[in-house]
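Please read the structure below before turning to the comments.
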Amino acid sequence: MASTFKALRVHQADKATSARLERIALEDLSAGEVVIRVAYSSLNYKDALAITGKGRIIRKFPCVAGIDLSGVVEESRAAAFQAGDRVLVTGCNIGEALDGGLAEYARLPADAVVPLPPGLSLWEAMALGTAGFTAALALRRMLENHQTPELGPIAVTGPTGGVGSVAINLFSQLGFTVAALSGKKGTEADDYLRALGAAEVLDRASLGAPGSKPLESARWGGAVDNLGGDTLAWLTRTVRPWGNIACIGLAQSAELHTTVMPFILRGVSLLGIHSVECPRPWRLALWEKLAGAWKPSRLARLAPRTLALEDVPRLCEEIIAGKLIGRTVVRIGSDA
Ligand SMILES: NC(=O)c1ccc[n+]([C@@H]2O[C@H](COP(=O)([O-])OP(=O)(O)OC[C@H]3O[C@@H](n4cnc5c(N)ncnc54)[C@H](OP(=O)(O)O)[C@@H]3O)[C@@H](O)[C@H]2O)c1
């Protein structure tokens, strides 16, 4: 291992943040028992907020950005891992309070590290990444709360994004009818969303309007929401009795203005999804699922870009503007 290596680090000075590619040493990284030679990371909405400084994501400065990674263990002081093991990490505060995945090496607590399950390559692990794990967590919570295809179609918002793309593929291959509610209807996104398994693509602008009625015509069996705000409020008013809404993101707004009526008159459930500090047994079980029975059939399609570390800052602006379609994998080192 070279004495220094490449990292995308976020600095803060006078309350302003700036990200730059630089060379750092292992001792510069936050503490942990496992040193990983990073093969891939990925770009998520949260990474874009952290790297551009548009969201207060990072809680220690300087910080290597990147909320997920896959790679090979270089050295380990934890009995559970040995040099040469192939591993992945999502959440667990990496890229926020611990140095993250957008560097050639990461040093992390063993608790955060997941053995790469058989059935997934290092690239596939980051084609899924935090977004895929989060979509799987939403699916698990909805199934546990009795979501069935018979309840009706699943509405997915922010569907061309990472979480939305994986959710469409996951739910459709388990027999759910999926409707994609996109801001990009009428573009190349339509073909993309249908290829992932969406039965219909609807224009988000024609739906989800602020409404005065506490309940509207019930049309969705359930929903996976990445937007929050008026869209989530509208979903609460339009989900059928006993349906579930997985509340994941805030790409539109962190606000939620609704009434209790959907919950007490239709038995609708709003399920919180928190992928960062998800209990470790769930984390391990969900990655096994994603590598096996739930492995998305259209992984290559839903992750159309594999870019270099140098491309990351440019891509972040496009992510914040909601322009990209599908996931972005970042190649950092070799797969070997
Ligand atoms: N709770 C958790 O544990 C967890 C985990 C991962 C992500 N998240 C959150 O979930 C959300 C999605 O994450 P992601 O990584 O999938 O993001 P992403 O890849 O950037 O996708 C977000 C999608 O939302 C839509 N969108 C973007 N900006 C918007 C705006 N201003 N108004 C309305 N729609 C907009 C776009 O889809 P269309 O153009 O197709 O509508 C975009 O592709 C983010 O808020 C993220 O922070 C939460």
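The values are calculated or read from the model by the stated rules, or taken from the named source; none is laboratory data. Because the structure is a prediction, the values reported are computed rather than measured. For neighbour counting, all protein chains shown are included, and Cβ atoms are generated from backbone atoms with ideal geometry for every residue, glycine included.
Every residue, every condition in (1) in contact with an Asp or Glu (Cβ under 8 Å, 6 or more places away or on another chain); (2) without any contact (Cβ under 8 Å) to a residue 12 or more places away in the chain; (3) assigned to a loop (DSSP other than H, G, I, E, B), yes or no:
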| position | (1), (2), (3) |
| --- | --- |
| Ala2 | no, yes, yes |
| Ala7 | yes, no, no |
| Ile58 | yes, no, yes |
| Val87 | no, no, no |
Query raised in the report: Out of all the residues in the stretch 173-184, is one or more outside any strand (DSSP E or B), within 9 Å of the ligand (Cβ to nearest atom) and under 18 Å from the mean Cα position of the chain (by Cα)?
Result: no
Query raised in the report: When you go through (1) in contact with a helix residue (DSSP H, G or I) (Cβ under 8 Å, 6 or more places away or on another chain); (2) outside the structural domain of Leu227 (by TED's automatic domain parsing) one by one for Glu288, which number turns out not to apply?
Result: (1)
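Go through the stretch 288-323 and count every residue that is within 21 Å of Gly197 (Cβ to Cβ) and not in a loop (DSSP other than H, G, I, E, B).
Total satisfying the criteria: 8.
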Query raised in the report: Do the conditions hold for Ala336, that is, is it in a loop (DSSP other than H, G, I, E, B) and small (Gly, Ala, Ser)?
Result: yes
Query raised in the report: Which of (1) crowded, with 24+ Cβ neighbours inside 10 Å; (2) out of contact with any Asp or Glu (no Cβ under 7 Å at 6 or more places or on another chain); (3) not in a loop (DSSP other than H, G, I, E, B) does Thr160 not meet, given it meets every other one?
Result: (3)
**Report entry** Condition check for Leu139: at pLDDT 95 or above and within 15 Å of the ligand (Cβ to nearest atom)
**Finding:** yes
Query raised in the report: List, please: which pairs have Cβ atoms under 7 Å, are six or more places apart or on different chains, and start with a residue in the stretch 149-177 that is without any contact (Cβ under 8 Å) to a residue 24 or more places away in the chain and end with one that is aliphatic (A, V, I, L, M) and assigned to a helix (DSSP H, G or I)?
Result: none
